[in-house]
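The values are calculated or read from the model by the stated rules, or taken from the named source; none is laboratory data. Note that the structure is predicted; figures quoted are calculated from it, not measured. A quick note on method: Cβ atoms are made from the backbone with ideal geometry, for glycine too, and the neighbour counts reach across all protein chains shown. Note: areas computed on protein heavy atoms with side chains; ligands, DNA, RNA excluded. Shrake-Rupley method; radii C 1.70, N 1.55, O 1.52, S 1.80 Å.
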Amino acid sequence: MKARFIINSCLAVTTLVWFGSKASAQTPDGAAPVTVEKVKLVTGNLAPTPPMGWNTWNTFQTRIDEPLLKGMVDAYVSSGMRDAGYRYFVLDDGWMTMERDSNGNLVADPKKFPNGMKAFADYVHSKGLKFGIYNCAGNKTCAGYPGTRGHEYQDARLYASWGVDFLKYDWCNTDSLNAREAYITMSSALKETGRPILFSLCEWGNHQPWLWAKGVGEQYRTTGDITANFTADKHMGTWSALSVLTILDKQPAIRKYNGPNHWNDPDMLEVGNGMSYAEDKAHFSLWCMLAAPLAAGNDLRKMSAQTQAILTNKEVIDIDQDELGIAAYPVKLADSVQLWVKPLKNNQLALCFLNRSSSVQKINIKWSDLDITNAEAGSSIKFAENKYALRDLWLKKNVGTTKAAFKQDLPSHDVVMLKLTKL
Ligand code: GLA
């Protein structure tokens, strides 16, 4: 008598249902049931640190095709992005035809992907990268391609057959769908494939996913779309694309929900997409301070040396990837200067001074007077009692200790990012 577990696909993956020998070896749609082995494979630990990758949307929107993207995959490797820790190569909206086929399957646009999606996924994998794709919980994607509603299990099986490792799942054209239920359904469909597929929820924070998305997916957008502007939102008719600072300021209220395998996602990076060097550096530093997923969105084939240096700064990336996964909290130093504080493993700390204003600001920190206590974060660091060594993560230099005052002129929209190690 062979008993087996099967997973109840209507519930989150942690719910296992015991069936005795009478349990059928077939699920209602004829697919093989999910065994304990499969459940072990797909649950739990796909994103112990914030996922890192590259996504087509911010630069190319739907103007994507295989030759362009193969060039991008090659540049991903030759530019050092892969070696810096980036892994996912994600196709956003616009990869499919406007209609499903006669069996209801999604079809990769043959003009854009003449060799089919499996061949492209194989190419991505052959370079030691993971392959991600996009769809939407609604009837249509945001750009008007076929959405997944009513095809969740079918689409998940198709993705698994292509070798997809990551699904970004959007929220356009969802009418009265219940967000939590819709995302749980797709999460279950992905898990039933038996393939580990990282699930990235993208409902723009409209339904407070930080309260329910843990266990449903590994990351969830917390805001609307980003735009490559440091301070000014961009009006797009019925909605606004959000500046770096607008998105940043929404994060402290939800920072406590962030952690391993359930990351608050403040949207993809705009580094290299038109902001100044200081702004790009600040944007990247702050996303790392937030322990945010890092999805570059620039043209990797043409990036400047400065952009490349920002995106591949290992010491800054290490702050993002710290295994505690704690998001930074802000401390106000002056109207225009904020200090972001991120506790790290081994009692280390990352500090990021941000000049939000349009003029140079002077930083002059007498450490024993600096109070960065944060009750909610359970953090009370007393610089009067504990001394730290300081390392500047952009200069990549040791810059003294907290025994002396820290003085620096901070240009507009720039940051100083320090790692502190106890002496
Ligand atoms: C939404 C998402 C974006 C992008 C587009 C694609 O706006 O928030 O990140 O995926 O859809 O149409």
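With unit charges on the beta carbons (Lys and Arg positive, Asp and Glu negative) and the dipole taken about the Cα centre of segment 52-320, which residue among 164, 143, 308 sits farthest to the positive side? Positive-end residue among those listed: 164. 3J(HN,Hα) couplings calculated from phi for segment 77-93 with the Karplus curve 6.51 cos²θ - 1.76 cosθ + 1.60 (θ = phi - 60°) are, in sequence order, 7, 5, 7, x, 4, 4, 5, 7, x, 5, 10, 8, 10, 10, 7, 8, 4 Hz; Gly and Pro show x. Taking the charge dipole of segment 52-320 about its Cα centre, with +1 at Lys and Arg Cβ atoms and -1 at Asp and Glu Cβ atoms, the residue from 85, 258, 69 reaching farthest to the positive side is 85.
Need the C-alpha centroid separation for segment 63-98 versus segment 279-339, integer Å. A separation of 21 Å, based on Cα centres. Relative to the longest principal axis of the Cα atoms of the chain, the long axis of helix 116-126 lies at roughly 50 degrees.
With θ taken as phi - 60° and the Karplus curve 6.51 cos²θ - 1.76 cosθ + 1.60 applied, the whole-hertz 3J(HN,Hα) list for segment 353-360 is 8, 10, 8, 7, 8, 9, 10, 5 Hz, x standing for glycine and proline. Give a quick list of trypsin sites (Lys or Arg not before Pro) in segment 322-423 that DSSP marks as loop, anything other than H, G, I, E or B, with at most 15 other Cβ atoms within 10 Å. Those that pass, being in a loop and sparsely packed, are 366, 387, 396, 403.
Note on residue 234/residue 139: beta-carbon distance plugged into 1/(1 + (r/R0)^6) with R0 of 22 Å gives a FRET efficiency of 0.25. Net charge dipole, segment 335-390: roughly 220 debye, given to the nearest 20, about the Cα centre with Cβ charges of +1 for Lys and Arg and -1 for Asp and Glu. Considering only the other residues whose Cβ falls under 9 Å of the Cβ of residue 52, what net charge follows from Lys and Arg at +1 and Asp and Glu at -1? Taking every Cβ under 9 Å from that of residue 52, the sum is 0. Charge dipole (Cα centre; +1 on Lys/Arg Cβ, -1 on Asp/Glu Cβ; no other charges) of segment 261-339 amounts to roughly 220 debye. Taking the helices alone, the chain has a mean residue ellipticity at 222 nm of -6500 deg cm²/dmol, built from -39,500 (n - 2.57) per DSSP H run of at least 4 residues and averaged over all its residues.
Checking every one of the chymotrypsin sites (Phe, Trp or Tyr not before Pro) in segment 201-242 against DSSP loop status and a limit of 14 other Cβ atoms within 10 Å picks out 239. Can you give me the angle between helix 179-192 and the longest principal axis of the chain, using Cα atoms only, in degrees from 0 to 90, rounded to the nearest 10? Result, in degrees: 70. Relative to the longest principal axis of the Cα atoms of the chain, helix 277-289 runs at roughly 70 degrees.
The residues packed around residue 120, meaning those with a beta-carbon under 9 Å from its beta-carbon, carry a net charge of 0 if Lys and Arg are +1 and Asp and Glu are -1.
Computed from backbone phi with θ = phi - 60° and the Karplus coefficients 6.51, -1.76 and 1.60, the 3J(HN,Hα) list for segment 385-393 is 9, 10, 9, 10, 7, 10, 10, 7, 7 Hz; x is used for glycine and proline.
Each of 399, 358, 378 was placed along the dipole of segment 329-422 (beta-carbon charges, centred on the mean Cα), and the one lying farthest toward the positive end is 399. When the chain is treated as a Gaussian network with alpha carbon springs shorter than 10 Å, the biggest mean-square fluctuation among 330, 343, 114 belongs to 114. The loop-placed GluC sites (Glu not before Pro) in segment 218-325, going by DSSP, that have at most 13 neighbouring Cβ atoms within 10 Å of their Cβ come out as 323.
Exposure check, 1.4 Å probe, all protein chains in place: residue 72 carries approximately 0 Å² of accessible surface.
Within the listed set 413, 207, 283, the residue fluctuating most in the Gaussian network model of the chain (springs between alpha-carbon atoms under 10 angstrom) is 207.
The charge dipole of the chain, taken about the Cα centre with unit charges on the Cβ atoms of Lys, Arg (+1) and Asp, Glu (-1), comes to about 1100 debye, rounded to the nearest 20.
Scanning residues 5 or more positions from residue 294 or on other chains, those with amide H under 5 Å from its amide H are 52, 53, with H placed 1.01 Å from N in the peptide plane.
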